[in-house]
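Below is one structure, written out as structure tokens, with a few remarks after it.
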Amino acid sequence: MANQDVAMVILAAGKGTRLKSALAKVLHPAGGRTLVEHVIRACTPLKPKRVVAVTGHQAEQVSAVAEALGAQTVLQQPQNGTGHAMLVAKKTLGTAKMAVVLPGDAPLIRTETLKALLAAHRDGNAAATILSAVLADPSGYGRIVRKSETQVGAIVEESQLAPEQREINEINSSIYCFTLAKLWPALAKVKPNNRHREIYLTDAIAQLASSGETVRAQVAPDPREVLGCNTRADLAEVDRIFRERKRGALMAAGVTIQLPETVLIDPDVAAGEDCVIEPSVQLLGKTKLGARCKVQTGAVLLDTVLGDDALVGFHTVIKESRLDDGAIAGPFAQLRAGTHLKARAKVGNFVETKKTVIGQGSKVPHLSYIGDTKVGAKTNIGAGTITCNYDGVNKHPTTIGSRVFIGSDSVLVAPVRIGDGAYIAAGSAITENVPADALGLARSRQTNKKGWAAKKRRELASSGHEKPARKKMRKARKPRG
Ligand code: UD1
Ligand code: MG
């Protein structure tokens, strides 16, 4: 249902002094997205008339993130408090009758909770409805001081609490719904009567209550949803909760995750039924797994797409790549951007690939670098093969056909083409194209010198040049005899 009479205002201008960071608070990431991005994404499904982000610190970067998600932005300069931020946003709210206000640093809020808050505000005929939460440890938050069971009298910030108010564990989440015609006159009366000389939005609550307006508080069903990020420890806790939510969603969709608390999964990651994710795996960015894939311990996948039944071995790192059905990578492989393993292809241990297509059923099992290369089907690339794709200035391509056999420790100096069905002798340095079905042999011929080693040893013995190790052994034996 659309809420065309509602504007949503995200307060995102603060610096976040307590983070001790060069980066503005709302640009810090948690759960795979910046804080402000999470908040905007929670707002948009309500279909409000507009979403407005109030920016200040690093306004340009914050605005770029907000505008990319369809929000409008307004600059608050200087930042004279949360109430001042609302006054700055006033003109931008247009004809909206109500505003849902959210801090940019409480990213765990869910759309359903915002919907419920808005419904409570409409039903309760209130000037303001506060989303509150009951916390075991309310320290650091403003507290809700109730006049009665159903009415709020004030929000008191931690620093201004009277001794008897310290017992209150119902806190202000900083998420509110206001009827704007009531808010503006109340806010106009708020004075910067605090240590920071700021205009607090929380003081508008007391102002409304004392002038006889109805102020209600709706308790959030899950108090973890309103956690604010003021410190690095808060960021870590919020990140942990986001990761837990994501893993929970994937497990509910049929994915096995072993020791789930060790596995890091970004919000846009998808995985098919019966995938198995082993401990200490990271699935990042827009990674997508088909059905029945297995990702083993220590693997890191970024923006990578796996077909069905693919296997990513222990401690394999894959970025911006594709593995088709039944393909295998690792253990201990690095697939850099632009790698494509076609169905049942295999890249094994200590292999690095980049901008490379490995054809159906082809194998690069051990210790190779394959870059800027196209490999056909059913080809075998022996251990230690290197494509020399870089001449110090430019990158050059290598093309290897189907059913090719590359002997171990070969270097293929690009640009070069190896035709279908060709063989390359082990240890070759291939600098010219090899035609289909030919043998490419590019190493010096071996010569064996008969008896050379025995003769050498006799010469050394007669000149008294024995190995020092032998002398030592004799010395060591002496005392025992
Ligand atoms: C605020 C509330 C507190 C509540 C807590 C919940 C006030 C005075 N206090 O405290 O009652 O329990 O949130 O997390 O509101 N901001 C601006 N412009 C400004 C100042 C702040 O846009 O001039 C933004 C910040 O970027 C931030 C949000 O407002 O996203 C809240 O500010 P913050 O400094 O985090 O307030 P808290 O101390 O957490
Ligand atoms: Mg805060």
Number of positions in segment 15-46 that are farther than 15 Å from residue 234 by Cα and without any contact (Cβ under 8 Å) to a residue 12 or more places away in the chain
1
Please identify the pairs in which a residue from segment 369-396 that is in contact (Cβ under 8 Å) with a residue 60 or more places away in the chain has its Cβ atom under 7 Å from the Cβ atom of a residue that is β-branched (Val, Ile, Thr), counting only partners at least 6 apart or on another chain.
none
Only one of 134, 152 is hydrophobic (A, V, I, L, M, F, W, C), open to solvent by 10 Å² or more (accessible area, probe 1.4 Å) and more than 11 Å from ligand 1 (Cβ to nearest atom); which?
134
When segment 210-223 is examined, which residues are found to be over 15 Å from residue 120 (Cβ atoms) and within 13 Å of ligand 1 (Cβ to nearest atom)?
223
Identify all residues within segment 1-20 that are open to solvent by 10 Å² or more (accessible area, probe 1.4 Å) and within 13 Å of ligand 1 (Cβ to nearest atom); write none if there are none.
11, 14, 15, 16, 17, 18
Restricted to segment 364-381 and to residues being open to solvent by less than 10 Å² (accessible area, probe 1.4 Å) and outside any strand (DSSP E or B), the residue nearest to residue 331 (Cα to Cα) is 368
Where residues in segment 244-271 are touching a Cys at 6+ places or on another chain (Cβ under 9 Å) and more than 23 Å from residue 33 (Cα to Cα), which of them is least open to solvent (accessible area, probe 1.4 Å)?
254
Among the listed residues 171, 205, identify the single one that is within 16 Å of ligand 2 (Cβ to nearest atom) and crowded, with 17+ Cβ neighbours inside 10 Å.
171
Hey, residue 151 among the polar types (S, T, N, Q), in contact (Cβ under 8 Å) with a residue 60 or more places away in the chain, touching a helix residue (DSSP H, G or I) at 6+ places or on another chain (Cβ under 8 Å) and within 16 Å of ligand 2 (Cβ to nearest atom) or not:
no
Conditions: (1) open to solvent by 40 Å² or more (accessible area, probe 1.4 Å); (2) farther than 17 Å from residue 228 by Cα; (3) within 13 Å of ligand 1 (Cβ to nearest atom); (4) polar (S, T, N, Q). Residue 44 meets all but one. Number of the miss?
(3)
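Yes or no, residue by residue, for (1) touching a residue at least 60 places away in the same chain (Cβ under 8 Å); (2) out of contact with any Pro (no Cβ under 9 Å at 6 or more places or on another chain); (3) buried (at least 22 other Cβ atoms within 10 Å of the Cβ):
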{"site": "48", "(1), (2), (3)": "no, yes, yes"}
{"site": "64", "(1), (2), (3)": "no, yes, no"}
{"site": "76", "(1), (2), (3)": "yes, yes, yes"}
{"site": "113", "(1), (2), (3)": "yes, no, no"}
In segment 382-397, what residues are more than 34 Å from the chain's Cα centre (by Cα) and assigned to a strand (DSSP E or B)?
none
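The values are calculated or read from the model by the stated rules, or taken from the named source; none is laboratory data. These numbers were taken from a predicted model, which means no experiment stands behind them. Note: ideal-geometry Cβ built from the backbone for every residue, glycine included; neighbour counts use all protein chains shown. Calculation scope for accessible area: heavy atoms of the full protein, side chains included, ligands and nucleic acids excluded. Shrake-Rupley method; radii C 1.70, N 1.55, O 1.52, S 1.80 Å.
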